[in-house]
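Data first, discussion second: the structure below is written as structure tokens.
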Amino acid sequence: MPRNIETVEKLSELVSSFICHAAGHLPDDVRAKLGEMRQIETEGFAPQIYDCMEENMKMADSLGRPSCQDTGIPQFFARVGTAFPYINEIEASLIEAVKKATVRAPLRHNAVEVFDEYNTGNNIGHHIPWIDWELVPDSDELELYFYMAGGGCSLPGMAKVLMPLEGYDGIAKAVFDQMTTYGVNACPPCLVGIGIAGSAEVAAKLSKKALLRPVGSHNPNPKAAQMESLMEEGLNSIGIGPGGFGGKLSVMGVNIEQASRHPATLAMGLSTACWAHRRAGIRIRPDYTYDFFTHKGVSL
Ligand code: SF4
């Protein structure tokens with residue numbers, strides 16, 4: 001179906017600016033959390049590592065450059081109002097936005113075609129950018145989350161299906177096993193996303209969606225919230241510390257999302273975000289005005 005070229009141009013310009021800003025600026029909640037953690041770390045290398053992160057963020061801002069060399073695979077999570085007038089143009093606009101941001105930000109070329117094994121050179125490939133769709137009834141807005149999924153953070157996640165009798169202890173064990181082996185692939189302090197469901201693919205997807213939730217938020221189910229707090233406490237007691245150099249705190253938090261499961265299965269997924277947790281959220285209205293809600297006060 002032919003797309004409205006003018007709409008694709010307008011939407012892709014806006015989303016391209018949104019991506020470029022996200023590449024160089026962490027969201028408000030992550031910045032605040034890193035600042036809090038810096039105050040708690042007073043010994044060893046930890047304070048220097050936090051100071052390096054702060055310096056890094058300032059330089060990314062003043063030089064107009066991404067805050068990490070790995071700008072990741074671009075992933076979008078779109079919550080589309082069923083009355084959003086440009087619904088037919090969204091996909092083309094997101095692809096065009098990634099092409100533009102790859103040059104402007106600039107973004108590292110991270111799309112490698114499987115089997116043919118070549119880098120496409122513009123961050124566009126089969127299912128890249130990855131777009132996750134959700135429909136929102138009775139809305140004329142597009143709520144868009146963007147995530148830079150790096151080779152150390154979030155992409156090396158895991159999912160498995162446990163026997164139900166392994167229970168929530170089994171989920172905790174799987175998380176701690178992973179975090180104490182491959183966990184430091186994501187430069188700590190990490191944000192840990194956990195999905196619990198009836199199948200591996202649903203659990204994996206929920207674990208990524210858990211990373212979109214603000215740092216410091218809690219699952220509305222009190223038992224899930226308690227599990228988040230207990231796991232955060234436990235992971236902090238390991239002593240990985242910022243950059244993996246040791247410290248009092250290792251994680252920014254643990255976010256759990258769940259879906260009802262089959263009686264015979266208990267699946268878990270794990271996605272780990274790094275300190276450079278480049279997650280951005282924007283709400284776009286039909287007149288192209290927007291609310292950049294993860295980065296307050298920013299005009300694109
Ligand atoms: S884990 Fe995060 S901070 Fe470390 S290299 Fe990857 S994207 Fe950059």
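The values are calculated or read from the model by the stated rules, or taken from the named source; none is laboratory data. The structure displayed is predicted, hence computed values, not measured ones. As a convention, Cβ positions derive from the backbone with ideal geometry for all residues, glycine included, and neighbour counts pool all protein chains shown. Just so you know, the surface numbers come from the protein's heavy atoms only, side chains and all, with ligands and any DNA or RNA stripped out. Shrake-Rupley method; radii C 1.70, N 1.55, O 1.52, S 1.80 Å.
In deg cm²/dmol and to the nearest 500, what is the mean residue ellipticity at 222 nm of the chain if only DSSP H runs of at least 4 residues count, each as -39500 (n - 2.57), divided by the residue total?
Rounded to the nearest 500, the figure is -11500 deg cm²/dmol.
What share of all Cα pairs of the range 1-98, in percent, falls into each consecutive 5 Å distance bin?
2, 11, 16, 17, 14, 12, 9, 7, 5, 3, 2, 0, 0
When Lys and Arg each count +1 and Asp and Glu each count -1, what net charge do the other residues less than 12 Å away from residue 170, Cβ to Cβ, add up to?
Numbers: positive: 160, 173; negative: 166, 169, 177.
So the surrounding residues net to -1.
Which semi-axis lengths, in whole Å and largest first, follow from the square roots of five times the eigenvalues of the Cα gyration tensor of the chain? Could the numbers behind the result be given before it?
Values: eigenvalues 190, 119, 65 Å².
Square roots of five times the eigenvalues give 31, 24, 18 Å.
What is the extension gain from residue 260 to residue 59, computed as 0.36 nm multiplied by their sequence separation minus the C-alpha to C-alpha distance, in nm to one decimal? Before the final figure, lay out the partial values.
Numbers: separation 201, 0.36 × 201 = 72.36 nm, distance 4.48 nm.
Stretched out fully, the residue 260 to residue 59 stretch lengthens by 67.9 nm.
Among the listed pairs 10/160; 99/160; 100/208, which are separated by more than 32 Å between their Cα atoms?
Details: 10/160 42 Å; 99/160 34 Å; 100/208 25 Å.
Going by Cα-Cα distance, 10/160; 99/160 fall outside the 32 Å limit.
Quick query: amide H of residue 213 versus all other amide H atoms, modeled in the peptide plane; which residues come in under 5 Å with a sequence gap of 5 or more or a different chain?
none
Could you compute the net charge surrounding residue 266? Neighbours are other residues with a C-beta less than 12 Å from the C-beta of residue 266; K and R count +1, D and E count -1. Before the final figure, lay out the partial values.
On the way: positive: 160, 261; negative: 166, 169.
Summing Lys and Arg as +1 and Asp and Glu as -1 gives 0.
How large is the charge dipole for the range 22-77, taken about the Cα centre, if only the Cβ atoms of Lys, Arg (+1) and Asp, Glu (-1) carry charge, to the nearest 20 debye?
Computed charge dipole of the range 22-77: roughly 200 debye.
Given a 1.4 angstrom probe, I'd like the percentage of the accessible area of the range 49-175 that is carbon and sulfur, rounded to a whole number.
Details: 3670 of 6560 Å².
Exposed carbon and sulfur together represent 56 percent of the surface.
Have a look at 246, 211, 174 and report the one farthest towards the positive end of the charge dipole of the range 158-273, computed about the Cα centre with Cβ charges (Lys/Arg +1, Asp/Glu -1).
Selected residue: 211.
State, as an integer percentage, the relative contact order of the range 158-273 based on alpha-carbon contacts under 8 Å between residues 6 or more apart. Don't jump to the answer; show the numbers that get you there.
Values: 246 pairs, mean separation 52.4, N = 116.
About 45 percent, as a whole number.
Per residue, how much accessible area does the chain have with a 1.4 Å probe, in Å²? Mind dumping the intermediate values first?
Numbers: 14040 Å² over 300 residues.
Each residue of the chain exposes 47 Å² on average to a 1.4 Å probe.
As an exercise, use a Förster radius of 30 Å and the Cβ-Cβ distance of residue 115 and residue 13 to find the FRET efficiency, rounded to the nearest 0.05.
Computed FRET efficiency for residue 115 and residue 13 comes out at 0.30.
Let me know the charge dipole size of the range 158-273 about its Cα centre in debye, to the nearest 20, where only the beta-carbon of Lys, Arg (+1) and Asp, Glu (-1) is charged.
Numbers: 9 positive and 8 negative charges, 47 e Å.
The calculation lands at about 220 debye.
Taking H placed 1.01 Å from N in the peptide plane, check which residues at least 5 places from residue 131 or on another chain put their amide H under 5 Å from its amide H.
For residue 131, whose amide H was placed from the backbone, the distant partners under 5 Å are 76.
Provide, as a two-decimal number, the C-alpha radius of gyration of the range 158-273 over 2.2 N^0.38 Å, N being how many residues it has.
0.98
Would you mind counting up the charge near residue 93? Only other residues with Cβ under 12 Å from its Cβ, with Lys and Arg at +1 and Asp and Glu at -1.
Working: positive: 3, 10, 99, 100; negative: 6, 9, 13, 89, 91, 96.
Combined, the nearby Lys, Arg, Asp and Glu give -2.
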